[in-house]
1. Condition test on residue 142, is it within 24 Å of residue 77 (Cβ to Cβ) and either open to solvent by less than 20 Å² (accessible area, probe 1.4 Å) or out of contact with any strand residue (DSSP E or B) (no Cβ under 9 Å at 6 or more places or on another chain) (or both)?
2. Looking at the stretch 145-174, which of its residues are among the aliphatic types (A, V, I, L, M) and either at pLDDT 95 or above or open to solvent by less than 40 Å² (accessible area, probe 1.4 Å) (or both)?
3. Of all residues in the stretch 124-174, how many are among the aliphatic types (A, V, I, L, M) and part of a loop (DSSP other than H, G, I, E, B)?
4. Please state which one of 119, 86 is surrounded by 19 or more Cβ atoms within 10 Å (Cβ to Cβ) and either at pLDDT below 95 or assigned to a loop (DSSP other than H, G, I, E, B) (or both).
5. Any chance you could count how many residues in the stretch 92-127 are within 24 Å of residue 167 (Cβ to Cβ), touching a residue at least 40 places away in the same chain (Cβ under 8 Å) and over 13 Å from the mean Cα position of the chain (by Cα)?
6. Search the stretch 33-68 for residues being assigned to a helix (DSSP H, G or I) and basic (Lys, Arg), and hand back the single one that is modelled with the lowest pLDDT.
Amino acid sequence: SLLNLAMDYLYKNDYENAEKYFKEVINAYDQHRVGWWRIQTRLLLGRGEISFAKGDYTQALKFAEDSLAISRKADAKKYITKGLKLKSEILEKIGNPEEAIELMQNALKLAQELGNPPLLWQTHYSLGGLLEKHEKQQEANKHYAEAIALLEKTASTLRDASLKDTLLTVPQTKAIQDAYARTKPSP
């Protein structure tokens, strides 16, 4: 679908093409379709990530808050978690670390309720990053360790050896491992 294509471009940091396809999705759907809220939420989150990456924190915050409003109305915990995570990252960038950490902790609680491994390890990693930036190395290290444990557990359930290897060696996994090593207490 166009939305998946937009998300693929977003994950490749090709913001121009991602935004182009997000706009096509908006034009292709009318708001009376069943499940429009889910598409709208994903659009808002994706566009929020683009704005965040481009440093337009005001616009990113608006997209995150709009996404959260829709997700909360639908009681969609997965998307509430993603919205809180994005809003937290934005708040940290604009100088509100206390609220950022609190929101990320709330996102983690929701991710734990859902039991969605990718959402969990991403949220643990993000919370670890916030804590590390604010001189809370031990707490950060615990979240990095949780993220690594979840990645390894997920990899152990994969039958395809190349898929396992890919999951454990992708740049995001390497970044989590590096963060864990960097924050590990000295013996």
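The values are calculated or read from the model by the stated rules, or taken from the named source; none is laboratory data. Computed from a predicted structure; not experimentally measured. Quick reminder, even Gly has a Cβ in these numbers, built from the backbone with ideal geometry, and neighbours come from all protein chains shown. Calculation scope for accessible area: heavy atoms of the full protein, side chains included, ligands and nucleic acids excluded. Shrake-Rupley method; radii C 1.70, N 1.55, O 1.52, S 1.80 Å.
1. yes
2. Result: 145, 147, 148, 149, 150, 151, 155, 167.
3. Qualifying residue count, the stretch 124-174: 2.
4. 119
5. 0
6. Here is the first cut: in the stretch 33-68, the ones assigned to a helix (DSSP H, G or I) are 36-53, 57-68.
This time we only want the ones that are basic (Lys, Arg), so: 38, 42, 47, 62.
Values: 38: 81, 42: 90, 47: 94, 62: 98.
Among those that are assigned to a helix (DSSP H, G or I) and basic (Lys, Arg), it is 38.
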